[in-house]
Structures are given as structure tokens and as C-alpha cells.
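The values are calculated or read from the model by the stated rules, or taken from the named source; none is laboratory data. What you see is a predicted model, and the numbers here were worked out from it, not measured in a lab. Cβ placement follows ideal geometry from the backbone for every residue including glycine, while neighbour counts extend to all protein chains displayed. With ligands, DNA and RNA removed, areas are computed over all heavy atoms of the protein, side chains included. Shrake-Rupley method; radii C 1.70, N 1.55, O 1.52, S 1.80 Å.
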Amino acid sequence: MHLETDVLVIGAGGAGMYAALEAAKAGASVLLADRSLIGRGGATVMAQMTVAAALGEQTPDSWEYHLSDTLAAGRGLCDERLATMMCQEGPARIREMDAWKVGWARNGDHIAQIHAPGHDRPRCVYVDVLSTGPAVSRTLRTQLNLANGIRRVGDLAIVDIVVRDGIACGAVAVHLSTGEPVTIAAKSVIIATGGLTRLYRRNSASFNMGGDGYALALRAGAELIDMEFVQFFPIGHLAPRLVGMDPIMWDPFRYKLGGKLLNAEMHEFEDDYAAQDARSDGNYVLTRDRATYAISKEVESGRGSPAGGAYLSFKHVPEAELRRSFGQVIDKLAANGIDLTQQLVEVAPIAHYHMGGVRVDETMQTGIPGLYACGEAVGGANGANRLSGNAITEAFVFGARAGQCAAKTALQAAANWSNEAAAPALNMLRASEKRDTPNLSVAVTDLQALMADKVGPFRTEEKLAEAIVEIDRMASELGAAPPSSGQSFDPLLIDWLDLRNMLQVAKAVAVPALARTESRGAHQRDDHPGLDEAWTLNQIVSLSGGDISLARGANISKKASA
Amino acid sequence: MKAILEIKRGTPGAEPHIETFEVAFEHGQSILDGLRAVRHETDPTLAFRFACINANACKECMMLIDGKVDYACTVRLKEGVTTLAPLPKKALVRDLVTEIAPPDERLHGKG
């Protein structure tokens, strides 16, 4: 099947839906494709947390203050153009969502803003109770329904971007529910596929967050930036098994009620790491990277909880207060057999967000004309560490900008589709055959274990070098053509296509992590502790001769925040 | 603990058949955990739909569980037999996967 559109948007999370809306508003025809259902997959729908924007509703604020907090969290590596755009345009998008009745929580007659860690004042909006992501997704889906000129297609997995004479001209996809190959001619293409946290054993990701967009960008000839910076969320839920809840749900509990982190000896250990460690700033409350360090070291020292994390206790909080703060969530916990007044839960660091991503200019365009990116798929805005609350803000702002700019390009461009340029991807799909392969769903979990153990929050030269050898071995084992069970919705084909992307992206993380011989933000090298001013630069990853190639940007330490 | 999953499998137009899988589980684990274990340990060709895994946010894993429409990510595994079947009122795609997208969000379903 062949489809034609002005703008192809890949991924229907917050960023992709915003991009589609703005591109249509600019007069372009839009095809919004998702490998899952529209507005259901990805990270946005799972977000239970807050969205940062300098609205000045709760307390006087300005986008410059938000920017300065963002740059400080980014440890000197932020792309200031992108960070500025996010902070400056965030408030307008938050108000637009408010007009679309997303339902931001109110405090009296104004939008409520809470003070999240790393911000200098109350700045973060939310939808009660822990419903920010579902409310945002629902609101954007409603706007899509009301808009003209947006065709939405779910179950459509993009296999490769098609590039003709150095210009993006569409994509080759597979329609999962029938298995048929689909070609899509597009005058511009937007990657809005989110991050890569599925690469790790413990993660807060959707199944479809295996870094597809980074692999698509690499193979199209675009560059990636800051790929070594993977954010781990320190207190992801570990045990007992908890269903129907996002694993990062304990953070708002801690902000509001002050949960205690305990080791197996029932010792509250955060204090031990607050002052003594060279990486600590001496504050009592540990930031995300430092809390991750503290829990990992407790586990390493044999003081971890039974499931391999730390205990989190709310036993000091009276039941009435728990209920007042988190009413219906307490009921959900009860349905899971968890009574916080009686028992401890176990938590551990989990992969949560990717700072790195596709390298773009101020129009969200990559180095390949006609190819754009937005949302978490973009690298640079958050540098070495993301400030809490910035993920959905960047989804809105970068999504809107990418949609506007991609539409402008598309409306000025002539159709550039080329069957010849699409042939390699189509031939790969057609070469799929019924054959015996090792169980590739096992290969996925092997890769997740490898990344967690050797390319996790704490790294060494030895571990990273081993990881790269193993990733190469797995990639050669995967082979050049997918297996097939010859039917619709083929899980074997999906696993193969996923692994093809995941292995490429895993290497795109490990290679710059090995090169960066310092510790900064989310990249911590046990063999190179401490920040090195000489490393105040961004590393650029691209594909050269089919393999990952690394380059260094200029030192940007003059921009490093004091 | 061991759960026995009796799964109605098949493709459109073909006579469906029941396949039985045994999976070990721990208290609190979901049907979706069990289905993922089946793919991992026994049969990687088993088809079912899900995105968010755990949060009950994506709502994609709806199926017939012991005869009742429910989410595989929130119903717990139990000892003994659990029957799983695709949604009866939706077009079958494969195994437990049905066409649940609104018609105007499908490749072939427009209008």
C-alpha cells in the first residue's frame, strides 16, 4: 500500500500529537502514525507527575528563572537555544492546554503550582490525583478529533525513513495487523518516538520505547547528541508486585509526606551520603542522581532489600493524612494488598528518561533537510541531567515548533518520493522468511540485563568495553533479514525489528559513555569520579559505514552555569 | 505457584484452537506478566496487545478473561486454570489481538 501526505509524524505521544495539530493548523496534510494505538503508547500517557512552566500563578516567576534552573541541572551541557525555547514558550502551551480543558489542578482561583526539586520556586502544574499524563493524552486526542487534515493510523510501525539525494522524502512501514508493507511519501518527516528506556531491565517505559526514533535518525544519516546521558529515577517501585500503577508513583508521596529510605538493617541511610560523598552537595535531600548512587551502593554493600533495592517507609504518616493526600491511590494500593501504615515497600533505581537524542537546530530540523524531531526524541535541551517537570513541557513546545516548521517546508517543497530509495527497506521486509531463530524475546531481556549491568548508572571502562563487544556479537547474530511466522500481527517480526533498533541504539549509548572519562550528571564513571572542565562538551554520534562513529563538539564551558 | 493459561488462538477465517500453557508465578503478578512469560519461556509466536505494561494507562490489553472483558495488566494470575480469549465483539487479528482502534484510526477502516 502507498500513502501520500505533506507531513508524516512518527509517534502519537504528547510531542507527536502537538506536532500534528500545529502542522495541520499551518495548512499541511498530516499523517500521524503510531506502532501502537493513537495517543495510547509512549511515555506521555504514563506520566503521573508534574509539568514545569513559569506561569507565575502560584508565585511571581519568569521564564529566565526556569531557564537558569534548567541550565544548572544540565551541568553545563544544555543546548541553550533549545532550553530557552522550552522555558520561554512553555507557559503559552500550558495555557493552551488549560483552554482545551485538560484540568490543571486549581488553588483557589488560580492554577496550582508546586515546588519540585531543582526549581527555585513553585513552578509545576499537575492534574489530580496522579493523572497528569492520561489527562494530557485525552485532551490532545480530543483536539485531533476536532482538527481537519490529520489522518491517524495506528498499528503502523515505521521501519526506515526514506532519503533521496540527501533529503527526507517519506518512510517505509509495516502495518502490524495485516503484516503488509506500506510506503509513505511525505515532504517532511517528524520523529516523535520518545526515548530509549526499554533498553534497561528496570524501567518506567512503555513496551514501545526502545529508541526507535534514534535508530531511524541514524540510518537516515542524521546525528545524535549527548547519548551517554540516561536518567535513572532513584525510587522506582520494585516489590511487592504492584499493578495498575506507574512505577515512579512514589515521588509525589515523598514530596508531600516525606517517606524514609531504609536499608536491610532498617537504617535511614540518606544522611550518610549527603555529606561524606564527593559527589554530594551536602544537602539533606538527595537529588535524583545522588539518591540513585546511595541506593546502588547500599545494595552493593550487601545492605539491600530482598528484591535488590531499598525499603521506603511511610509508617510514620497517620492513615488520615495518607488518605487526605492520595485518597483513591490508597484504595488502589489496598487492592494490591499494600497498607502503607503497616508495611514497607521496596524501591530501586529505574531507567526513566533520556537526555540525549536527535540533534536539531532551532527549527527542530536535523542535518537531513526535511527530517525533524521533537519531544524526548530530541537531545540537548536538558544537557547531562533533566530537571523534573521539563519532559512534558518539551513535548508540547518542541512538538508545536516541529509541526509548524515541518509544515512550512512541506508546503514549499515538490514531491520527492523515490521507489528506488525505498527499495532497500522494502526488500528487507520482503526477505523475511519462516526460519528457526533463537527466541528473540529472550534476546531482548538479555540486552536489557547487559545494559543495566554494564551501561547503567555507574560505569567503568572495563564494563563499557565488554558491553560494546557483546552488543556487536548480538547484532551479528540477529542477521540481515527478519524471521517471520507468515501471519498478521507477527510477534517474531516485531521482536526482530525492535532488536535491530535497540542494538544500534545501545551501542550509540555505550560508545560515547566509554569515551567520556569524567563523571557528570547522569553519566557516572566509577573509574573517573568528578567533573572535568575539559569535558564540558557534547559528543555527537552518527553512523559511518554501518557502524557507530563518534565526534566531539566544541568546549562550551563559558556557558556552564556558575 | 503455577497458573494454567488456556488460550484461544487463531487467525481470521481459520477454526480457533485452545492451547494450554503452564507458568510459574509469584503472588500479585498479572495475567499480562503470565503472557509475557509464555512468550519468553515457551512460545514466542503468541500474539497479544499491550503498550504500558503496568500502569493501566494505555488500555490496550483488553481481552476476555474467564469469560469476562477485562485488562490483562490488572487481573492477577491465580493457581489453576484461567481461560483467555480475544474480545468477542471485535474483529479478530490474531490470537488475543483484536481490532480495537476506532475505525478512523485504522489503515483500512476509514469511513
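Tabulated data for the structure shown
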{"read-out": "In segment A:204-223, the residues that are within 14 Å of chain B (Cβ to nearest Cβ) and surrounded by fewer than 24 Cβ atoms within 10 Å (Cβ to Cβ)", "value": "A:Phe207"}
{"read-out": "Count of residues meeting criterion [open to solvent by less than 30 Å² (accessible area, probe 1.4 Å) and more than 14 Å from every other protein chain (Cβ to nearest Cβ)] in segment A:424-451", "value": "6"}
{"read-out": "All positions within segment A:377-390 that are in a helix (DSSP H, G or I) and under 20 Å from A:Arg520 (Cβ atoms)", "value": "A:Asn390"}
{"read-out": "Selection from segment A:288-333 of residues that are crowded, with 21+ Cβ neighbours inside 10 Å and charged (D, E, K, R)", "value": "A:Arg288, A:Asp289, A:Glu298"}
{"read-out": "Residue ranges of helices (runs of 4 or more DSSP H) in segment A:1-112 with at least 1 members more than 30 Å from A:Pro369 (Cα to Cα) and not hydroxyl-bearing (Ser, Thr, Tyr)", "value": "A:63-73, A:80-99"}
{"read-out": "Which numbered condition B:Glu22 misses (of (1) within 8 Å of chain A (Cβ to nearest Cβ); (2) without any contact (Cβ under 8 Å) to a residue 40 or more places away in the chain)", "value": "(1)"}
{"read-out": "Subset of segment A:324-352 (residues that are basic (Lys, Arg) and either within 13 Å of chain B (Cβ to nearest Cβ) or under 15 Å from A:Ile248 (Cβ atoms) (or both))", "value": "A:Lys332"}
{"read-out": "Answer residue from segment A:193-203, given it is open to solvent by less than 10 Å² (accessible area, probe 1.4 Å) and of a type in the set (Ser, Thr, Tyr) and is farthest from the other protein chains (Cβ to nearest Cβ) among those", "value": "A:Tyr200"}
{"read-out": "Qualifying residue in segment A:259-268 (condition: modelled with pLDDT of 80 or more and within 26 Å of B:Arg76 (Cα to Cα))", "value": "no"}
{"read-out": "Unmet requirement for A:Ala28, which otherwise passes all of (1) over 29 Å from A:Trp535 (Cβ atoms); (2) modelled with pLDDT under 95", "value": "(2)"}
{"read-out": "Of all residues making up segment A:16-44, the number that are open to solvent by less than 10 Å² (accessible area, probe 1.4 Å) and on the phi < 0 side of the Ramachandran plot", "value": "14"}
{"read-out": "Every residue from segment A:238-257 that is over 23 Å from the mean Cα position of the chain (by Cα), open to solvent by 40 Å² or more (accessible area, probe 1.4 Å) and at pLDDT below 85", "value": "A:Lys256"}
{"read-out": "Only listed residue being touching a helix residue (DSSP H, G or I) at 6+ places or on another chain (Cβ under 9 Å) and more than 12 Å from every other protein chain (Cβ to nearest Cβ), chosen from B:Leu77, B:Leu84, B:Leu96", "value": "B:Leu84"}
{"read-out": "Test result for B:Thr45, among the hydroxyl-bearing types (Ser, Thr, Tyr), at pLDDT below 95 and open to solvent by less than 40 Å² (accessible area, probe 1.4 Å)", "value": "yes"}
{"read-out": "Conditions (1) in a helix (DSSP H, G or I); (2) open to solvent by 40 Å² or more (accessible area, probe 1.4 Å); number of the one not met by A:Gln487", "value": "(1)"}
{"read-out": "Some residue of segment A:364-374 being among the aliphatic types (A, V, I, L, M) and closer than 19 Å to A:Arg459 by Cα", "value": "no"}
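Condition check ((1) surrounded by fewer than 18 Cβ atoms within 10 Å (Cβ to Cβ); (2) of a type outside the set (A, V, I, L, M); (3) touching a residue at least 24 places away in the same chain (Cβ under 8 Å); (4) assigned to a helix (DSSP H, G or I)) across all residues:
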| position | (1), (2), (3), (4) |
| --- | --- |
| A:Ile471 | no, no, yes, yes |
| A:Ala480 | yes, no, yes, no |
| A:Leu492 | no, no, yes, yes |
| A:Leu497 | no, no, yes, yes |
| A:Arg500 | no, yes, yes, yes |
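Matching residues to (1) more than 10 Å from chain A (Cβ to nearest Cβ); (2) more than 12 Å from the chain's Cα centre (by Cα); (3) under 18 Å from A:Val243 (Cα atoms); (4) surrounded by 14 or more Cβ atoms within 10 Å (Cβ to Cβ):
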residue	(1), (2), (3), (4)
B:Glu6	yes, no, no, yes
B:His27	no, yes, yes, no
B:Ser30	no, no, yes, yes
B:Asp33	no, no, yes, yes
B:Arg36	no, no, yes, yes
B:Phe50	no, no, yes, yes
B:Val69	yes, no, yes, no
